[in-house]
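The values are calculated or read from the model by the stated rules, or taken from the named source; none is laboratory data. In this text, all values refer to a predicted model and were calculated from it rather than measured experimentally. Counting neighbours? That spans all protein chains shown, and the Cβs are built from the backbone with ideal geometry, glycine included.
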Amino acid sequence: MKSALLFFISSFIYASCLSQPSDFIVLKKDQRTIKNFFAGSNISFQTANGYYSGKIVSVKKDSLFIEEYDIRQVPTNLGVYVIDTVATYRLAFNYKEIIKMENQKRKGFSWAASGGSLLGGGILITAVGLGTWIFTKPGTQYHASPALVISGAALAGVGYLLLKSSNSNYAIGKKYQLEYIKVK
């Protein structure tokens, strides 16, 4: 009994010692590592042919193999819609084909969402203020003050700047580079 248990344990240790770790791809900005992509991690990127998002199956010989899921709402026999995986696609890309990498969503406060809210609200306040400023008589109850219109335009400007500053894509080129690392 002890010899059989010792045999199984030693075979598992031997198999784990022989397994080779997978190669990986590194996203760098000015020679500093931002993120590593390896087998099992999620990735979202854009090539000249389209946008792809999925789980990395493996990285071998300068190629990135991903598994992409097609998830849709499908009706059941009872007439109720449920979310289901319709298809699974296995795709392969050379890492040099990638032109943009998406920054993965982080938990916490979203500056982009705040910027969108400020931009929309500022445009709305400015449009309503200008409309009431133009179409009503000065001194009436509905006449908007110039301060309201200017503050609405300022809010829209701040919202636009917040949206632009929280860019969620890394354009591969001068500033960002992808590097293939082969593990021996």
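Exactly one condition in (1) surrounded by 14 or more Cβ atoms within 10 Å (Cβ to Cβ); (2) touching a residue at least 24 places away in the same chain (Cβ under 8 Å) is not met by Phe38; state its number.
Against the list (1) surrounded by 14 or more Cβ atoms within 10 Å (Cβ to Cβ); (2) touching a residue at least 24 places away in the same chain (Cβ under 8 Å), Phe38 comes up short only on (2).
Can Lys175 be described as under 30 Å from Lys96 (Cα atoms), exposed (fewer than 14 other Cβ atoms within 10 Å of the Cβ) and either in the same structural domain as Asp62 (by TED's automatic domain parsing) or without any contact (Cβ under 8 Å) to a residue 12 or more places away in the chain (or both)? Outline the logic, then answer.
Numbers: under 30 Å from Lys96 (Cα atoms): yes; exposed (fewer than 14 other Cβ atoms within 10 Å of the Cβ): yes; either in the same structural domain as Asp62 (by TED's automatic domain parsing) or without any contact (Cβ under 8 Å) to a residue 12 or more places away in the chain (or both): yes.
Yes, satisfied.
Could you grab me the full set of residues in the stretch 40-64 that are out of contact with any Gly (no Cβ under 9 Å at 6 or more places or on another chain) and more than 11 Å from Asp23 (Cβ to Cβ)? Steps first, answer last, please.
Let us first name the residues in the stretch 40-64 that are out of contact with any Gly (no Cβ under 9 Å at 6 or more places or on another chain), namely 40-41, 45-54, 58-64.
The answer is Gly40, Ser41, Phe45, Gln46, Thr47, Ala48, Asn49, Gly50, Tyr51, Tyr52, Ser53, Gly54.
Output the residues belonging to the stretch 36-54 that are farther than 17 Å from Val183 by Cβ and within 15 Å of the chain's Cα centre (by Cα). Outline the logic, then answer.
Kept after step one, since they are farther than 17 Å from Val183 by Cβ, are these residues of the stretch 36-54: 42-54.
The answer is Asn42, Ile43, Ser44, Phe45, Gln46, Thr47, Gly50, Tyr51, Tyr52, Ser53, Gly54.
Just one of the numbered conditions (1) within 30 Å of Phe24 (Cβ to Cβ); (2) part of a loop (DSSP other than H, G, I, E, B) is not true of Gln141; which one?
So the condition that Gln141 fails would be (1).
Out of the residues in the stretch 144-174 meeting the condition of being in a helix (DSSP H, G or I) and under 16 Å from the mean Cα position of the chain (by Cα), tell me which one is farthest from Gly131 (Cα to Cα).
Residues of the stretch 144-174 in a helix (DSSP H, G or I): 146-165.
Narrowing further to those that are under 16 Å from the mean Cα position of the chain (by Cα): 163-165.
Working: Leu163: 26, Lys164: 28, Ser165: 31 Å.
Ranking the qualifying residues of the stretch 144-174, first place goes to Ser165.
Among the residues that make up the stretch 133-149, is at least one of them modelled with pLDDT of 90 or more, surrounded by fewer than 13 Cβ atoms within 10 Å (Cβ to Cβ) and either closer than 19 Å to Asn42 by Cα or not assigned by TED's automatic domain parsing to the domain that holds Gly54 (or both)?
No: zero hits.
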